[in-house]
Structures are given as C-alpha cells and as structure tokens.
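> Before anything else, here's the structure in question.
The values are calculated or read from the model by the stated rules, or taken from the named source; none is laboratory data. Remember, it's a predicted structure, so these values are computed and weren't measured experimentally. Every residue, glycine among them, receives a Cβ derived from its backbone with ideal geometry; neighbour counts consider all protein chains shown.
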Amino acid sequence: MNFDTLTSVMRTLALEAGAKIMEIYNSPDFEVKTKSDSSPVTEADEAADAIISAGLRAAFPDVALVTEEQADSHGQAVSTFLIVDPLDGTKEFVQRRGDFTVNIAYVVDGVPVRGIVYAPAKKRLFYTDASGQTVEETGDLAVDTVGPTHPISVNASPDNSALMVVASKSHRDQATDDYISKYGVKDMTSAGSSLKFCLIAAGEADLYPRLGRTMEWDTAAADAVLRGAGGHVVGFDDHKPLAYGKEGFANTFFIAYAPGVELKPA
C-alpha cells in the first residue's frame, strides 16, 4: 500500500461524502428508514456510501472492502481490508445535532493503521498522514487543496484524580455510569459518533468507556486516529488491544484512553 496515495484518496472521498451529507442535512426534509437491526438509515448514509465505495474500489481494486451499508460485505473473512462507516451517528444526523462523522480506515493484519474521521457539520477533520502521525486539518477543508495541518497528540500526563471523561450522547446507561464512577473525574462531556475518540486524540478528553454494542466500522477509523496520536483502544474485560477482522465484524465492549490513565478493572 502506498500510504501517500491512501491518505490523499481517503481525504478526498471523506470530504466529497461530507459535502453530499451536508446537502441532504440542510434540505427541508429527508427520508429515514429502519434497517433490520432497528437502527435508522437515511438517504445521506446511502449517498455517502456510494461515493466512498466507488472511489475506494477504483483506487484499490485488490483490497477487500467492508462497509456498513452493504450487507454482502459483512460475510468476508479478512484481516487486511478497507472499512467504511459513511455516516456514523445517524441518530445525531436525524435529530440535527451535528455530531456525525464520515469514517474510512485501512486495517492490516487486524490493526487499524490508517484512518480518517470527518465531522462535516462541525468542520473538524482528523486523519493519519502518510507516516501514521495523526493530524487535524483546519482552514476551508476544500477537496482540491490541503489546508493547514498540525500534529495532535493525547494528553501525555493526565491527572488520574481529575480526568476528563467523554461519553455517548445516544448510548449512555447505568453500567457506563457505574464504571466511570470508579475514576476521579474532573468533568464529563458528551459527544456523538466517533468524535469521542478524536477528542482523546486531540488531548481534549482522557477516557471513553463503551459498554454497548458497536461494529468495527463504527470504531476502526477513529481507533487509527487515536493510535496515531499516542492513545489506545482495548477490550473492556481483558485490556488487550481491540482487534479487527473478527467474524461478523462485531466489537466487544472497549475503553479508549490516553496512556497515562490508570485503567480500573471491569
């Protein structure tokens, strides 16, 4: 894999998909359907998926592609692949809360080594560069012109008596609150979708526990972004790095955190 090419292609496709998503988001109305697992899907999910999938297949025809919106891609047994969630945070999108993201990742031997997370309504763009370092791009976020980028990194020395914790807006429950209560917490913030990982990557939060069902396309890109910024994502029970390419692409419960955080047992 040529990582310069990969970075460029992922950035272009994420921005193009984000533009299409915002066109639908800003329209007076849009259709919301219900998938077989009872989760919502909109025309924005499907339009973004079409843009990203076509672009990735054209650029990397020999690399397996897994994408949330194409059920026939979920039965693959692969360890090296591209994985896409074209619109993570559909509930936030439907409720017009802005905390939704475009996610593309490249997984090698079960490890997400490159990724991009774009929050078009918030105009925040995070991605791993060709070297694997995570950067945030600012400026106009134009498809044809790369704007100013600066490396980001996790909070290197978090105060374990006063952690900044980030939790889900749509999936908060008592089990999560009980686990968070084991820590010394300075403050908590809520965020939707994969933005929670990016807040840790940028040093704006220290800890994100997820005690609920997620799929690999929900986390792979943000996991790569967090790893590229010095952070970790581990299983909730065993504290081993979250692996990708699992059967059915379903995740275990997990914890995303800055490395100075002293993890508590489950």
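> Can you give me the number of residues within the range 191-233 that are β-branched (V, I, T) and touching a helix residue (DSSP H, G or I) at 6+ places or on another chain (Cβ under 7 Å)?
Number satisfying all stated conditions: 3.
> Kindly indicate which of Y208, Y183 is under 16 Å from the mean Cα position of the chain (by Cα), hydroxyl-bearing (S, T, Y) and surrounded by 15 or more Cβ atoms within 10 Å (Cβ to Cβ).
That would be Y208, the only listed residue that is under 16 Å from the mean Cα position of the chain (by Cα), hydroxyl-bearing (S, T, Y) and surrounded by 15 or more Cβ atoms within 10 Å (Cβ to Cβ).
> Do we have any residue at all in the range 115-124 that's small (G, A, S), touching a residue at least 40 places away in the same chain (Cβ under 8 Å) and buried (at least 22 other Cβ atoms within 10 Å of the Cβ)?
Scanning the range 115-124 turns up at least one residue that is small (G, A, S), touching a residue at least 40 places away in the same chain (Cβ under 8 Å) and buried (at least 22 other Cβ atoms within 10 Å of the Cβ).
> So for the range 132-147 (the condition being within 14 Å of Y208 (Cβ to Cβ) and either assigned to a strand (DSSP E or B) or under 17 Å from the mean Cα position of the chain (by Cα) (or both)), does at least one residue qualify?
no
> Exactly one of (1) modelled with pLDDT of 95 or more; (2) over 20 Å from S8 (Cβ atoms); (3) more than 18 Å from the chain's Cα centre (by Cα) is unmet by V66. Its number?
(3)
> Can you tell which of L65, L82 is under 21 Å from L226 (Cβ atoms) and hydrophobic (A, V, I, L, M, F, W, C)?
Unique residue meeting the criteria: L82.
> Given (1) surrounded by fewer than 24 Cβ atoms within 10 Å (Cβ to Cβ); (2) out of contact with any Pro (no Cβ under 9 Å at 6 or more places or on another chain); (3) in contact (Cβ under 8 Å) with a residue 60 or more places away in the chain, where does L226 come up short, assuming only one miss?
(1)
> Just one of the numbered conditions (1) of a type in the set (G, A, S); (2) out of contact with any helix residue (DSSP H, G or I) (no Cβ under 9 Å at 6 or more places or on another chain); (3) in contact (Cβ under 8 Å) with a residue 24 or more places away in the chain; (4) surrounded by 15 or more Cβ atoms within 10 Å (Cβ to Cβ) is not true of A162; which one?
(4)
> Additional query: Could you say which residue among A142, A130 is surrounded by fewer than 14 Cβ atoms within 10 Å (Cβ to Cβ), of a type in the set (A, V, I, L, M) and touching a Ser or Thr at 6+ places or on another chain (Cβ under 6 Å)?
Sole residue among the options that is surrounded by fewer than 14 Cβ atoms within 10 Å (Cβ to Cβ), of a type in the set (A, V, I, L, M) and touching a Ser or Thr at 6+ places or on another chain (Cβ under 6 Å): A130.
> Here's a follow-up. Hey, among the residues in the range 235-266 that are at positive phi and not small (G, A, S), which one's surrounded by the most Cβ atoms within 10 Å (Cβ to Cβ)?
F249
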